[in-house]
Amino acid sequence: MPVTTAANANVEPDLGSASGVLPAIPQRFVSILYDDVHISMEDAVTARDATTRLFGAARRNRRVGIYTTSGQNTLEFTSDHESLKHALNGIIPRSMSATFPEWRIVPTSATTRPT
């Protein structure tokens with residue numbers, strides 16, 4: 001904090017940047033979770049459109065994070081609209097068996113019983 005004296009009373013404080021403008025401090029964090037394992041393509045498109053409108057209304061002091069239940073597409077909190085749009089384009093229906101092959105359910109024959 002600069003000390004104000006009669007000699008430097010009219011001096012502007014150094015804000016630490018060339019433009020003299022401080023970056024916007026995040027005041028709201030919005031986390032969006034998409035269930036891309038159980039979503040249809042039609043619902044994915046609708047969700048992308050709604051989220052795009054949300055980004056358009058977002059202020060500079062808002063950070064948005066995108067997460068999916070499959071874990072395939074995540075974006076940590078950011079205010080960069082281009083990164084958000086890129087992450088949104090990755091929201092597509094996914095199969096858990098494709099995401100986690102070890103979770104694949106192998107059907108068994110109903111006629112086979114242990115003796």
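The values are calculated or read from the model by the stated rules, or taken from the named source; none is laboratory data. Predicted model only: the values in this text are computed from it and were never measured. Cβ: placed from backbone, ideal geometry, glycine included. Neighbour counts: every protein chain shown.
List of remarks:
- Scanning region 48-91 for residues that are without any contact (Cβ under 8 Å) to a residue 12 or more places away in the chain and either touching an Asp or Glu at 6+ places or on another chain (Cβ under 6 Å) or of a type in the set (Gly, Ala, Ser) (or both) yields 50, 56, 57, 83.
- Among residues of region 21-49, those that are modelled with pLDDT of 85 or more and either farther than 10 Å from residue 88 by Cβ or assigned to a loop (DSSP other than H, G, I, E, B) (or both), counted: 16
- In region 14-31, the residues that are within 17 Å of residue 80 (Cα to Cα) and charged (D, E, K, R) reach residues that are surrounded by 10 or more Cβ atoms within 10 Å (Cβ to Cβ) and at pLDDT 80 or above with C-beta atoms within less than 6 angstrom, at least six apart or across chains, in these pairs: 28/62.
- Considering residues of region 52-91 that are farther than 16 Å from residue 24 by Cα and basic (Lys, Arg) only, the residue farthest from the chain's Cα centre (by Cα): 53
- Of all the residues in region 32-53, those that are touching a strand residue (DSSP E or B) at 6+ places or on another chain (Cβ under 9 Å) and more than 16 Å from residue 86 (Cβ to Cβ) number 3.
- For region 60-88, a residue qualifies if it is touching a Lys or Arg at 6+ places or on another chain (Cβ under 8 Å) and not aromatic (Phe, Trp, Tyr), and the qualifying residues are 61, 62, 63, 68, 70, 72, 78, 79, 88.
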